[in-house]
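A.B. asks: Please read through the structure below; I'll follow up with questions.
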Amino acid sequence: MMEKTLSTDQLIADLSTDLPPRTAPKAVFSAAFRDAHLYALFALALSAVIGFREDIALKIHDPRFIGEMVYVLILYGFSLLSVAVLSVPDGAGRLWLCRIPYLMAFLFVAAVLFMAADGALPLHFPLAAEGIKCVIGNVLIGGLPLALMTWRARRGASTRPYALAAMSALTLMSLCYMGLRLLCVSDDPGHILFFHVMPAAAAGAVLGVIARRIYAW
Amino acid sequence: MTEDLNDPWTALAQAAQNGDKRSYEKLLAEIALFVKKSIAGSLASPDWVEDITQEVLISVHKSLHTYSPDRAFKPWLMAIVQFRRTDFLRRHYAPSRQGGVTLDHPDFIAAHVTKPEYAGEYKDVERLIGALPRKQKDIFLKIRIQGHSIAEVASQMKMSESAVKVSLHRTLIRLRAQFEGHNERITP
């Protein structure tokens, strides 16, 4: 057996000998708010560069569309706050926040399924060729924010890597959803589900699988 | 909550964040005792208690920047303790889930029985070192095998001395845990 060469006392002495300077921790929420604006502005700017959907002038006067966007915007905000909270070991004492995005996402899916069952939303399986542009849009809108979000989370010290991956996925999904609703002219729920939501969800699933490695510290 | 904020650890942690080494040493020493007490009852081996305590200390060192003095210190610490404890047990039991190698296993016979005495053990050590991440392996080999000082290695690898020490400690803990696990698996 390998000889026990380490003692806790020695470790303490080693660690405290060269204590590196620590910058005072920034408020978790203010950083998250800044990031939320940054990512949303990026998605908006990118949508503007690519070109908004043709009927955007009509859509911004449609209460249902506005309501849907506001709901997803709130979901996005809360999930990004949850990402920030989960990047700290004790969740900054606000772990209850993470329940809100779960609940909002559940209610959103439940509402879509309810309306589909009621016949108000005709769900159908779209053809793959219909959605290639939207999948690419997902990558363009979500790629950079996901990378930045993951980088920031890795600078923290999460003790809940799977929850952090789930919240990152929800943030990504909501951001891509909003961006693509401004870009893509289709209001078909099947198209939205398969080409606006699923690619981001798949990226989130991959993040979940590697969560323990990627958020290791 | 007010009571928690008056906890002496909160003040020590804040002082440590401001660069006070004595406060930091005192904080780590007190934490070590607390962690040992809080996990000892739920672990099978005293060695595990020691290993997890060291992991927690290293984690506190690495994540001190995430602690905000306007929050209680103990919940922050306990979150790290639980995380490292779970992590350690997961690592410890993971190889046994994949099935151990017994003395009558052909792989074990091929690797050990036909070799000179101790050759098998050296091979195991080499294999475990070889499986380390590249950076960790380099630091370990330079300091423990080639005899370089921590300062030299830190300079060569463009890392802080603190980071080199943490890496070395982690490597030693990991090797010891893996080697003990290996010995347990080959015991008939």
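A.B. asks: By per-residue mean of other Cβ atoms within 10 Å, what is the highest-first order of A:90-101, A:135-146, B:138-149?
C.D. replies: Going by the mean number of other Cβ atoms within 10 Å, highest first, we get A:135-146, A:90-101, B:138-149.
A.B. asks: Greater than 30 Å separation of Cα atoms is the criterion. Which listed pairs, B:36/B:142; B:74/B:165; B:37/B:158; B:37/B:137; B:36/B:165, meet it?
C.D. replies: B:36/B:142; B:37/B:158; B:37/B:137
A.B. asks: Provide a whole-number value for the mean count of partner chain Cβ atoms within 10 Å of the Cβ atoms in peptide B:8-18.
C.D. replies: Per residue, the average neighbour count from other chains is 1.
A.B. asks: Where does each of A:207, A:170 land when they are ranked from fewest to most other beta-carbon atoms within 10 angstrom?
C.D. replies: With the sparsest Cβ surroundings first, the list reads A:207, A:170.
A.B. asks: Mind jotting down a quarter of the surface of the convex hull over the alpha carbons of chain A, in square nanometres, one decimal?
C.D. replies: In nm², the orientation-averaged hull projection of chain A is 16.7.
A.B. asks: Connecting C-alpha atoms closer than 10 Å in a GNM of chain A, tell me which of A:77, A:119, A:204 has the biggest fluctuation.
C.D. replies: Top of the fluctuation ranking is A:119.
A.B. asks: A further question follows. Considering every residue in B:57-66, what mean count of other chain Cβ atoms within 10 Å of its Cβ is obtained?
C.D. replies: 6
Values in this text are rule-based calculations from the coordinates and carry no lab data. These figures come from a predicted structure and were not determined experimentally. Quick reminder, even Gly has a Cβ in these numbers, built from the backbone with ideal geometry, and neighbours come from all protein chains shown.
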